[in-house]
Structure formats: C-alpha cells, structure tokens
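This report concerns only the one structure given below.
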Amino acid sequence: MHNTEEYTLYAFGIIRDSTGQEVDINTLAKTLKHINIAAEVQIISDSAFLGCESLESVRFEEGSQLKSIGMDAFWNCKALKKIEIPASVEIIG
C-alpha cells in the first residue's frame with residue numbers, strides 16, 4: 001500500500017510515487033487521483049489509465065515532449081473533468 005497521492009509517469013510506462021518507489025498501475029487503478037507526466041515522456045500508450053475511475057487530474061511537466069496519446073488512454077476515468085494537452089502532441093488515439 002502506498003501512502004502518497006502523488007505519482008509521476010516516466011518514460012517506458014514507469015510510475016513512481018513521491019518517495020521514488022516504482023508502482024504498478026494495476027495496484028493504483030481504483031485509487032489513483034493525481035498523475036504527473038514527466039517532461040521526457042513522448043508517448044502515453046493505449047489504455048494507459050483505463051479504468052482509473054478516481055483520476056481527477058493529469059499534470060504535464062513544463063517542457064513536455066509528449067507526441068502521442070494512445071487510444072482509450074483515459075477511458076473510463078470518470079472523475080477526470082478536464083485535461084490540458086501540451087502543444088507538442090501530434091497524435092491522439
């Protein structure tokens with residue numbers, strides 16, 4: 001169990017909590033509320049946050065290099081009301 005609500009997605013789909021510990025997205029699916037996307041991430045894969053029903057916010061670090069957001073990346077994220085997509089994004093779904 002992780003005692004933090006702060007998580008960051010890094011390249012290659014690695015998610016770490018605020019202490020730097022790697023976390024499996026499957027263990028967070030029902031409780032993840034906030035995710036930071038590291039500037040070096042270029043792709044958010046298909047279904048990356050599928051079913052993260054409690055996800056409320058997605059924050060992209062300054063200088064984001066994100067190019068692509070995969071199909072259904074945020075599908076069924078019922079609590080997510082708004083997301084500001086970086087200007088660097090060329091492909092969505």
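The values are calculated or read from the model by the stated rules, or taken from the named source; none is laboratory data. Everything quoted here is computed from the prediction, not taken from an experiment. Heads up, the Cβs are rebuilt from the backbone with ideal geometry, glycines too, and the neighbour counts pull from every protein chain shown. Side chains included, ligands, DNA and RNA excluded: accessible areas come from the protein's heavy atoms. Shrake-Rupley method; radii C 1.70, N 1.55, O 1.52, S 1.80 Å.
Worth pointing out:
- The trypsin sites (Lys or Arg not before Pro) of the chain that meet both conditions, a loop assignment by DSSP and at most 15 other Cβ atoms within 10 Å of the site Cβ, are Lys30, Lys33, Lys67, Lys78, Lys81, Lys82.
- Restricting the GluC sites (Glu not before Pro) of the range 51-93 to loop positions (DSSP other than H, G, I, E, B) with no more than 11 neighbouring Cβ atoms within 10 Å leaves Glu62, Glu84, Glu90.
- Most mobile of Gln65, Gln42, Gln21 in a GNM of the chain (Cα contacts under 10 Å): Gln21
- For the range 64-78, the Karplus equation 6.51 cos²θ - 1.76 cosθ + 1.60, evaluated at θ = phi - 60°, returns couplings of 3, 9, 4, 10, 9, 10, x, 4, 6, 4, 10, 4, 6, 8, 4 Hz by residue, with Gly and Pro reported as x.
- Computed helical MRE - 222 nm, the chain, DSSP H runs ≥ 4 contributing -39500 (n - 2.57), nearest 500: -500 deg cm²/dmol
- Rounded to 5, the percent of DSSP beta bridges in the range 1-88 classed as antiparallel: 35
- Element breakdown for the chain at a 1.4 angstrom probe: carbon and sulfur atoms account for 50% of the accessible area.
- For the range 35-93, the solvent-accessible area with a 1.4 angstrom probe is 58 square angstrom per residue.
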